[in-house]
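The values are calculated or read from the model by the stated rules, or taken from the named source; none is laboratory data. Only a predicted model underlies this, so the values are computations on that prediction, with no experimental measurement involved. Here the Cβ positions follow ideal geometry from the backbone for every residue, glycine too, while neighbour counts run over all protein chains shown. Side chains are part of the model used for accessible areas, which takes the heavy atoms of the whole protein and leaves out ligands, DNA and RNA. Shrake-Rupley method; radii C 1.70, N 1.55, O 1.52, S 1.80 Å.
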Amino acid sequence: MAGAAKLQILEARIDAEKKETIGAAAAVQGLSISDFVIQAAYARALETLEAHRTLQLSAADQRLFVETLMNPPAPNDALREAAARSRERFGS
């Protein structure tokens with residue numbers, strides 16, 4: 001298996017009730033406990049990372065929004081023309 005990724009070991013200690021529940025759920029899906037735990041943990045890890053990324057983007061977007069409100073860009077030609085048309089049409 002040249003070039004195959006080397007598998008790593010992950011250990012966890014849990015109480016008997018949790019192991020039994022996880023084992024039952026794994027059996028329902030036709031998986032070993034190890035495969036079930038790996039799939040569940042990996043899916044949750046992806047969800048957690050996505051949620052974190054989304055929050056970071058939201059915070060960055062909030063900062064950009066506030067910065068733009070506090071220091072708006074100068075109006076460009078298209079905005080000045082739209083404002084002039086609005087004044088002609090609606091007054092003020």
Sorted peptide list for 38-49, 61-72, criterion being average Cβ within 10 angstrom, highest first: 38-49, 61-72
Principal axis dimensions, the range 18-92 - Cα atoms, whole angstrom, descending: 75, 25, 18
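Treating only the Cβ atoms of Lys and Arg (+1) and Asp and Glu (-1) as charged, compute the dipole magnitude of the chain about its Cα centre; round to the nearest 20 debye. Let's see the in-between values first.
Values: 11 positive and 12 negative charges, 57 e Å.
Roughly 280 debye for the chain.
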Axial C-alpha extent at least 24 Å, average Kyte-Doolittle at least -0.5 - helices from the chain (DSSP): 33-70
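Kindly state, to the nearest 0.05, the FRET efficiency for A43 paired with S92, given R0 = 35 Å and r defined as their beta-carbon distance.
Working: r = 57 Å, r/R0 = 1.62.
Between A43 and S92 the formula returns 0.05.
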Accessible surface of the range 1-76, 1.4 Å probe, proportion on carbon and sulfur as whole %: 63
Charge dipole of the chain about the Cα centre (unit charges at C-beta), most positive-ward option of I22, P72, A59: P72
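Per the Kirkwood definition applied to all pairs of different Cα atoms, how many angstroms is the hydrodynamic radius of the range 1-56?
Working: mean 1/r = 0.0742 Å⁻¹.
One over the average 1/r among Cα pairs gives 13.5 Å for the range 1-56.
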Simple label model, 7 Å out from Cα along Cβ direction - R80 to Q8, nm: 5.9
